[in-house]
Amino acid sequence: MNISQSQGRVKQLLGLETAPHLKARMTTQWIMLIVLLSLIPAVGVEIYYFGFGIVFQFLNCTITAVVLEALVSLLRHQKISRNVGDLSAVVTSLILALTLPPMLPCYYSVVATVFAILIVKAIFGGLGQNIFNPAMTGFVFIMISCPGIVGSSYVSPAPQAYKAATLTESFSIIYNGASKELVQNQIDAMTISDDNQESNDALTMATKLLDKVDVMSGATYLDAIKSYRKQGELNRLDGHEFTSAKYQAYLALFIAYCIGGIVLMSFRIIIIRMVVAFFAAFVLIQFVMHNLYPGYFMSVTDGLLIGGTMICAFYIMTDPVTNAGTSKGRIYFAVLLAFLIVFLRAFGSYNDTVAFAVMLSNACAPLIDVLTKRRAYGIKYRGKH
């Protein structure tokens with residue numbers, strides 16, 4: 001409130017600002033900074049097992065996002081320092097970079113970021129106004145638009161993959177269009193040399209051959225089992241040991257995201273009961289469906305560790321802008337998301353459908369808010385006087 005004096009009369013000038021009007025010590029900038037710091041373990045695991053491609057993808061997305069945020073601020077006559085300084089664009093860039101293939105050519109990651117920041121975020125009014133999660137929508141856009149190049153730009157994980165996918169090699173592939181087959185073959189050799197404990201029965205050999213095709217094509221594990229899943233034959237594949245060279249990256253990422261999630265929960269940045277509801281619903285649904293239809297549904301362990309389940313649980317689902325706004329609604333939102341992930345993975349056309357499940361849940365969030373809205377103060381329940 002401002003007070004001014006004019007012609008002997010005192011006037012009160014009431015400033016008009018959008019909610020919230022209460023100031024908190026935990027600002028948006030601090031929240032985003034903590035989120036960024038909590039993702040450091042995941043970035044370290046990505047570099048160790050997938051190479052330095054994640055670094056360049058993050059740079060591509062961040063530079064593009066910051067430039068677009070500054071441009072939008074100029075067009076709207078807003079302070080650039082405020083819109084860029086809240087670090088929301090950087091968080092979106094890092095989450096998008098973690099979901100994009102490490103060896104994706106630079107212009108694809110730039111296009112994905114442009115779609116996420118301009119179309120999904122800025123057009124709806126900026127931070128706090130967007131309907132869909134920007135990072136997931138950008139990923140879905142580039143996945144649907146260019147499925148071939150996106151699918152072939154993944155790197156099969158291996159311990160010390162950064163020695164093959166070095167900064168120089170990754171830079172050449174991402175920016176100069178160099179062939180990635182040599183790097184993928186080197187990572188393949190690392191995996192085979194570190195993993196010699198399998199038996200020689202026919203089914204195990206088939207799984208090993210599947211793993212080699214997975215590495216050579218640069219596809220993910222979910223892409224490698226796609227044909228088995230569509231034919232309802234997942235139960236024909238042998239289980240795998242997550243401590244082996246081939247799969248320990250997934251266990252390491254699981255631990256890294258759990259560490260980050262604990263950090264976020266300790267600062268009360270994400271809602272614990274929402275995360276618990278998601279994991280409880282996911283484990284229950286995955287367990288029941290796997291036992292009923294093992295040919296179509298993965299085991300609970302595979303469902304949790306392989307794919308984007310963990311980053312979704314701690315960093316995407318908990319986005320306060322795009323999930324439900326009521327306390328009860330957030331629980332329903334988490335359960336719906338878990339249900340969609342399990343079933344879209346089993347019957348969807350794409351490999352890991354976490355991003356699609358997130359967008360569908362985002363679209364349902366307004367309806368969930370209506371169905372779980374609080375009783376207005378002073379309004380009694382029906383039948384009570």
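Data overview
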read-out	value
Square roots of five times the Cα gyration tensor eigenvalues for the range 218-274, Å	32, 15, 10
Distribution of pairwise C-alpha distances over the range 87-144, 5 Å bins, in %	4, 21, 35, 24, 11, 4, 0
Semi-axis lengths, Å, the range 30-104, gyration tensor of Cα atoms, sqrt of 5 times eigenvalues	26, 14, 6
Given Lys180/Lys230; Lys180/Lys226; Lys79/Lys163, the pairs whose alpha carbons are separated by over 32 Å	Lys79/Lys163
Alpha-carbon centroid distance for the pair the range 270-286 / the range 130-169, whole angstrom	26 Å
D (Stokes-Einstein, µm²/s), Kirkwood Cα radius, the range 227-357, 1.306 mPa s at 10 °C	103 µm²/s
Residue-wise HN-Hα coupling along the range 322-327, computed from phi with Karplus coefficients 6.51, -1.76, 1.60 (Hz; x: Gly, Pro)	9, 9, 5, x, 9, 5
Lys/Arg +1, Asp/Glu -1 at C-beta; the range 229-385 dipole; positive extreme among Ala365, Ala252, Gly308	Ala365
Directionally averaged projected area (convex hull, Cα atoms, the range 40-151), nm²	6.7 nm²
Vicinal HN-Hα couplings computed from phi for the range 261-273 (Karplus, 6.51 cos²θ - 1.76 cosθ + 1.60; Hz; Gly/Pro x)	x, 5, 4, 5, 5, 5, 8, 6, 7, 10, 8, 5, 5
Long-range Cα-Cα pairs in the range 232-304 (distance over 14 Å), rounded percent	69 percent
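Taken together, the values in this text are just the output of simple stated rules run on the coordinates, not laboratory data. Computed from a predicted model, the values in this text were never measured in an experiment. A quick note on method: Cβ atoms are made from the backbone with ideal geometry, for glycine too, and the neighbour counts reach across all protein chains shown.
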